[in-house]
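Please read the structure below before turning to the comments.
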Amino acid sequence: MNISEVAKLTGLTAKTIRFYESKGVIKEASRSANGYRQYTKIQVEELQLIRRSRLVGFSLEECQELLSLSNNPNRRSADVKAKTLEKVAEIEEKIQELKGMKQTLLDLADACPGDEGHDCPIIKGLTCCH
């Protein structure tokens, strides 16, 4: 398969696929006689795993680890589950941080009269370290 076919199948752009190759996330595609990249079914599956892993929050480095586990016939599902639950904990922590940020912004907005006046509690709140 050529890169445009792989892009359609995986939902990735050709540029992203080439980037993953250049970073060694997937093996470089073989080249046809005309110099075009040719991908195997296995490479497509690896790219699909990477894309879906990225969509649920895994970093590129974590995707490489998952890909390595995927290609390891001696892997333990417990290891994959542990990585997944670590990611869930990170996401939960991020959600709490975002909720705190949201509340801070709402508090600042509530303190602001939003009128024609010069005094702005939002600017003061973001400038000061209360």
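The values are calculated or read from the model by the stated rules, or taken from the named source; none is laboratory data. Because the structure is predicted, anything quoted here is derived from the model rather than measured. Cβ placement follows ideal geometry from the backbone for every residue including glycine, while neighbour counts extend to all protein chains displayed.
Here residue 103 fulfils each of the conditions (1) closer than 30 Å to residue 123 by Cβ; (2) under 14 Å from the mean Cα position of the chain (by Cα) apart from (2). Contact annotation: residue pairs with Cβ atoms under 6 Å, 6 or more positions apart or on different chains, pairing a residue in segment 80-107 that is in a helix (DSSP H, G or I) with a partner that is surrounded by 11 or more Cβ atoms within 10 Å (Cβ to Cβ) and not hydrophobic (A, V, I, L, M, F, W, C), are 87/57; 91/57.
Residue count for segment 19-40, restricted to those that are aromatic (Phe, Trp, Tyr), in contact (Cβ under 8 Å) with a residue 12 or more places away in the chain and under 17 Å from residue 51 (Cβ atoms): 2.
Only one of the listed residues (95, 122, 50) is of a type in the set (A, V, I, L, M, F, W, C) and under 17 Å from residue 19 (Cα atoms). That residue is 50.
Confirm whether residue 85 is within 30 Å of residue 15 (Cα to Cα) and either loosely packed, with under 11 Cβ neighbours inside 10 Å or touching a helix residue (DSSP H, G or I) at 6+ places or on another chain (Cβ under 6 Å) (or both). No; evaluated as a whole, the condition is false for this residue. When 26, 50 are screened for being under 20 Å from the mean Cα position of the chain (by Cα) and in a loop (DSSP other than H, G, I, E, B), only 26 passes.
Count of segment 39-75 residues, restricted to those that are crowded, with 17+ Cβ neighbours inside 10 Å, closer than 27 Å to residue 95 by Cβ and of a type in the set (Ser, Thr, Tyr), is 1.
Has segment 53-72 got any residue that is within 18 Å of residue 6 (Cα to Cα), assigned by TED's automatic domain parsing to the domain that holds residue 8 and charged (D, E, K, R)? So far as segment 53-72 goes, yes, one or more of its residues are within 18 Å of residue 6 (Cα to Cα), assigned by TED's automatic domain parsing to the domain that holds residue 8 and charged (D, E, K, R).
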